[in-house]
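Working notes, beginning with the structure itself.
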Amino acid sequence: MCTPSSLAGALTGAILTTALIAVLYAGWKVAGLAFVPFDVFDWFARIFPGRLIEFVISSLVALIQALHLGSISATAKRMEQAIGIVNFLFTGVIGVAVLFNILRAFGQWLAYPLGLALGIIIGIPSVVISLNAGRTATAGAAANSVWIISIFLLWGALSAWAFRKMTVSSFAGAIQQEKGRTEQARVIQIGRRRFLVLLAGFAALVTVSGAVLGAVFSGRRGGGLRTALGRHWSAAHPLPNANAKALPAPGTRPEYTPLEKHYRVDINTFPVEIDERSWRLKIGGLVERPIGLTLDELRQYEPMHQFITLSCISNPVGGDLISTIRWTGVSLNKLTQGWGLKPNATHLLVRSADDFYEVVALDAIRSDPRIMLTYAWDGVPLPREHGFPLRIYIPDLYGMKQPKWITSIEAVDHWEPGYWVARDWDKVARMRSTSVIDTVAIKNLITAAGQTLVPVGGIAHAGARGISKVEVKVDDGPWMEAGLRTPISDLTWVVWRYDWPFQPGRHTFTVRCYDGNGALQIAAPYPPFPSGASGLNSKTG
Ligand SMILES: Nc1nc2c(c(=O)[nH]1)N[C@H]1C(S)=C(S)[C@@H](COP(=O)(O)O)O[C@H]1N2
Ligand SMILES: [Mo]
């Protein structure tokens, strides 16, 4: 055997692709060039069957919950990014292993042509995907194409070079001095190993430099939540229900979610970046005259402020994909009146910069002035993660119906399924009633009328329907009515509290709620897919 094995190929692939990823990362952070691993991952997330994506997401959520890995949305995003990088690495490993196998059959004179061909075979789709579906690049299309193709060609050429270095003729000098076949094989082995170690060392250097360079520049460029300039509304104002009498049990989650803590869910490993200067809200379709509105023009309209609890349909019972914050924007009913909608227009097709879209009935908009286009959260422009510059709000519906990063609104004469409905999720996606125990505050006992009481508390939420009653059950005891704190608004969750007469031992607490119409929440446990999770939340302690 005089040529390197496919294992040597796989190792070479791992080493060179790791360095490639680091170089792409540095290129992204330093010059805004495409970070192919994320772009490709996002592209697959859009074309794969909805059920498969749902399976992956719910598995990640279950894993995060089972291992207590912290915030579901933040951890899931990091996992998605990791999966994107590992997939890319895997492709590189397979690619170079296959290259080595082919070269073993056809001879090393083909090494460079086939190595470069491998670079092209992986490079061209990468360019196409990054240019058409990518979120990471801010540099121009030409610069990106040249960059991706060159860097992949270099990677292919280096793979070819490695193959040649590891074939027997490279060690010819050493072999001549040795005697016998076994000796020869041993020298080849050592020569290959030494080469791979050298290659790995070199790649490690490139990887570390790329990562450090990228990290330095990523700090300098800022982005994400740091772009939310200005003073947060909540820093200077009391909540509307500040004087409510019933106080949360110690350990209840914050009633108002800090901007930085609001959950984030979307189909992008990396949040969409929109330049306010070139952005226009394009309004077209069945209107008298298409127009484009700037963000400043939208801000000229009378602003509307609403305290809103938003939840993701993927939120498991008791999960943290639910948050409450102050939304500011313009009522769509008011806005649409100036658009000259044609009589046959029945729906608005709302499109986002990330290919997400949803359809909203004009009837709903006309009958519910709370449906609004939102440009600020907590008194500052929407953070990039949360849809800068513009997102919609539709009361009572899960987040999957509410596009962020809106770029256009088209008046149409029919309903059609939106992004997640087309992927088999619920057509209506009305938020299910849910109640959660946040705390059994065993360290904050109180005494009243000679009794020792344990404050138990949490939240209950039923979309825009409100909460009329919350009940708590201890072990198999009767349902006991909890106290309700006046909510921040009709559209937010309600904080509840039940002071439980202490009894020693281990106990299981269960909660359930009734919505504003008196309907009891669904007790049967169902997973989030396809209509939102149901079931009762319990805590044992
Ligand atoms: N453009 C766009 N809008 C989107 C999504 C998306 O992937 N792309 N995800 C939706 C889903 S599923 C949810 S739950 C909410 C979450 O909003 P948040 O991340 O600001 O909390 O955004 C919605 N709007
Ligand atoms: Mo969601």
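The values are calculated or read from the model by the stated rules, or taken from the named source; none is laboratory data. Remember, predicted model here, so these are calculated numbers, not experimental data. Glycine also receives a Cβ, built like all others from the backbone with ideal geometry; neighbour counts cover every protein chain displayed. The protein model used for the area step is the full one, side chains on, heavy atoms only, and it has no ligands, DNA or RNA in it. Shrake-Rupley method; radii C 1.70, N 1.55, O 1.52, S 1.80 Å.
Structure above, values below:
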{"item": "Residues satisfying the stated conditions in the range 481-509, i.e. part of a strand (DSSP E or B) and under 13 Å from Ala460 (Cβ atoms)", "result": "Glu481, Gly483, Leu484, Val494, Val495, Trp496, Arg497, Tyr498"}
{"item": "Qualifying residues in the range 395-427 (those that are buried (at least 23 other Cβ atoms within 10 Å of the Cβ) and without any contact (Cβ under 8 Å) to a residue 60 or more places away in the chain) - the one farthest from ligand 2 (Cβ to nearest atom)", "result": "Pro403"}
{"item": "Tabulated pairs, the range 252-278, first open to solvent by 50 Å² or more (accessible area, probe 1.4 Å), second within 16 Å of ligand 2 (Cβ to nearest atom), C-beta under 6 angstrom, 6+ apart or interchain", "result": "Val265/Ser73; Val265/Cys312"}
{"item": "Residue list for the range 18-35, restricted to those being open to solvent by less than 40 Å² (accessible area, probe 1.4 Å) and farther than 19 Å from Gly156 by Cα", "result": "Ala26, Trp28, Lys29, Gly32, Leu33"}
{"item": "Selection count, the range 428-454, where residues are within 14 Å of ligand 2 (Cβ to nearest atom) and closer than 30 Å to Gln337 by Cα", "result": "3"}
{"item": "Condition check for Arg78: within 23 Å of Ala19 (Cβ to Cβ), open to solvent by 20 Å² or more (accessible area, probe 1.4 Å) and part of a helix (DSSP H, G or I)", "result": "yes"}
{"item": "Close pairs (6 angstrom Cβ cut-off, 6 or more residues apart or separate chains): at pLDDT 95 or above in the range 226-251, of a type in the set (Lys, Arg) anywhere", "result": "Trp233/Arg326; Ala244/Arg485; Ala249/Arg497"}
{"item": "Any hit, the range 327-334, residues being away from ligand 1 (no atom under 16 Å from the Cβ), open to solvent by 40 Å² or more (accessible area, probe 1.4 Å) and out of contact with any Ser or Thr (no Cβ under 9 Å at 6 or more places or on another chain)", "result": "yes"}
{"item": "Yes/no for Phe90 being open to solvent by 50 Å² or more (accessible area, probe 1.4 Å), modelled with pLDDT of 95 or more and assigned to a helix (DSSP H, G or I)", "result": "yes"}
{"item": "Subset tally (residues that are touching a residue at least 24 places away in the same chain (Cβ under 8 Å) and assigned to a strand (DSSP E or B)) for the range 448-480", "result": "22"}
{"item": "Meets criteria (buried (at least 17 other Cβ atoms within 10 Å of the Cβ), of a type in the set (Asp, Glu) and under 18 Å from the mean Cα position of the chain (by Cα)) for Asp378", "result": "no"}
{"item": "In the range 266-302, residue nearest to Ala45 (Cα to Cα) [restricted to those that are within 14 Å of ligand 1 (Cβ to nearest atom) and of a type in the set (Asp, Glu)]", "result": "Asp266"}
{"item": "Residues of the range 240-288 classified as in a helix (DSSP H, G or I) and in contact with an Asp or Glu (Cβ under 7 Å, 6 or more places away or on another chain), total", "result": "1"}
{"item": "Meets criteria (closer than 30 Å to Gly541 by Cα and out of contact with any helix residue (DSSP H, G or I) (no Cβ under 7 Å at 6 or more places or on another chain)) for Thr407", "result": "no"}
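Matching residues to (1) among the hydroxyl-bearing types (Ser, Thr, Tyr); (2) open to solvent by 10 Å² or more (accessible area, probe 1.4 Å); (3) within 22 Å of Pro395 (Cα to Cα):
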residue	(1), (2), (3)
Leu445	no, yes, no
Gly457	no, no, no
Ile467	no, yes, yes
Val474	no, yes, no
Gln503	no, yes, no
Phe509	no, no, no
